[in-house]
Amino acid sequence: MPTYRIGEQTIDAGDPGLDAALAAIHGKKQRPLCLCQAAGVEMYVARVNGHHVIKRMPNTGADHAPACDSYEPPAELSGLGQVMGSAIQEDIQDGVTTLKFDFSLSKAPGRAAPAPSGAEADSVKTDGSKLTLRGTLHYLWEQAGFHRWSPSMAGKRSWYVVRKFLMQAAEDKAAKGMPMGDLLYIPESFSQERKDEITQRRIARLSKIAAGERSARRLMLLVGEIKEIAPSRYGHKLVVKHLPDFHFMMNDDLHNRLHKRFANELALWDAVDNAHLVVIGTFGIGPTGVASLDALALMVVTENWLPFEHVYEHLLIDNLTRSNRRFMKGLRYNLPSSKPLASVVLSDTQPAPVAMYIVPPEAGEDYDAALGELVADSKLGSWVWRAGADEMPAIPPAA
């Protein structure tokens, strides 16, 4: 459990007096110190939903001890480095993080559906100033802590837990001039006994974006686990788990482009036992109450809800989880697959964390050159597996 110094007081994160101590310095120049390092690492105080919370100062994740909850690998090792400070802007004065999207949350009548967000072409064009749908999902996933793994987390992740922490991650975020929580729809865990009340809450939430046929439709962001993508009478429907009687419709054009762009994700979902397929998408509600998808992106995660991009990453993550290791999964955000990133960062090694890189079989000389620069510029140790050419190297031992 983290320990902090607030003025002359040393206090644990679980101390019931922490909120009062933080309230006393909220809005002042005094900053709490995280004592994961001997000299302390500066934090700041934000007020979220009536409570005071300690948050990490921007760009200081790597300053914390690897075992600390506030530790994060250097942002440049993942796609976060490209978008932090531009598409993602943290304000330590009010504690609100503003997100800039490259997708719309409204739709004019008659406008055709855009290509699925997160496409390689979109990612190459993106300069980091705005988040794609995939980048938005990666950011929420990371803020919720589902890129982290430690042995104590085994058996403790379910959709109820995933939804709870994703909603918490959205609490101090804003986009399009609105609180992020107001833009999100994440289905509740389904219960037959509570079916009617769950349905009423869903109707009340989604009715806010319902529109007539002639007016521009407001869109919301769906995040859910896919059960199936199936034919419907006049197109196709996306069936989300925990929503047995409410489906998201898509026309043939969007369905075809989905299968073309996310063929790899769909193949992994089909091939890897116990994998989950997570969707993020924009959708609207028509005058009849039917939900229609406008754009979407997919992400495959392990049975422990850790994202992975190919079977080689899955093999590595499976090896690490079975070996009871502590690590963080690097997320791509807007980066195209032609750009390297640290697949995993081991946080239980000494004297420093180890960044683990996987070179996919199709990688060329440009990929190798970029990876060489990434490794050379990093202060972390490195581990490289040339998948498809060599066997997986020995995993660096835990301290």
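Since every read-out is calculated from the coordinates, none of them should be taken as a lab result. Remember, predicted model here, so these are calculated numbers, not experimental data. All Cβ positions, even for glycine, are placed from backbone atoms using ideal geometry, and neighbour counts span all protein chains on display.
For Cα pairs less than 8 Å apart in space and 6+ apart in sequence, what is the mean separation divided by the residue count of the chain, i.e. the relative contact order in percent? The normalised contact order for the chain reaches 15 percent. Where both bridge residues fall in the chain, DSSP classifies roughly 75% of the beta bridges as antiparallel.
Would you look at the GNM of the chain, springs on alpha carbons closer than 10 Å, and say which of Ala169, Ala39, Ala65 moves the most? Between Ala169, Ala39, Ala65, it is Ala39 that shows the largest mean-square fluctuation. Distance from the alpha carbon centroid of the stretch 28-67 to that of the stretch 349-378 works out to 30 angstrom. Under the rule of -39500 (n - 2.57) per DSSP H run of 4 or more residues, summed and divided by the residues of the chain, what mean residue ellipticity at 222 nm is obtained, to the nearest 500 deg cm²/dmol? Rounded to the nearest 500, the figure is -7000 deg cm²/dmol. Just one of (1) 53; (2) 44; (3) 50 is percent of Cα pairs over 28 Å apart as worked out from the coordinates here. Which one is it? Identified label for the calculated read-out: (3). When the P(r) of the stretch 1-71 is calculated, the portion above 19 Å amounts to 26% of the C-alpha pairs. With neighbour counts taken as other beta-carbon atoms within 10 Å, the residues Thr10, Thr302, Thr98 rank, fewest first, as Thr10, Thr98, Thr302. Please report the relative contact order for the stretch 1-71, taking Cα pairs under 8 Å with a sequence separation of at least 6, and give it as a percent rounded to a whole number. Reported relative contact order: 25 percent.
Of Thr132, Thr97, Thr199, the sequence from fewest to most neighbouring Cβ atoms within 10 angstrom is Thr199, Thr97, Thr132. As a proxy for reagent exposure, Val278, Val375 were ordered by neighbouring Cβ count within 10 angstrom, fewest first; the result is Val375, Val278. Here Lys329 is the anchor, and the aspartates and glutamates within straight C-alpha reach of less than 19 Å, apart from those fewer than 8 places off in the same chain, are Asp63, Asp69, Glu72, Glu76, Glu142, Glu265, Glu303, Glu309, Glu313, Asp318, Asp348. Among DSSP beta bridges whose residues both lie in the stretch 311-386, state the antiparallel percentage, nearest 5. That works out to approximately 50 percent antiparallel.
Over 21 Å between Cα atoms: which of Lys176/Lys241; Lys176/Lys237; Lys130/Lys173; Lys107/Lys208; Lys107/Lys176; Lys29/Lys173 fall into that group?
Lys176/Lys241; Lys176/Lys237; Lys29/Lys173, as the Cα separations exceed 21 Å there.
Based on Cα contacts under 8 Å between residues 6+ apart, the stretch 63-102 shows a relative contact order of 22 percent.
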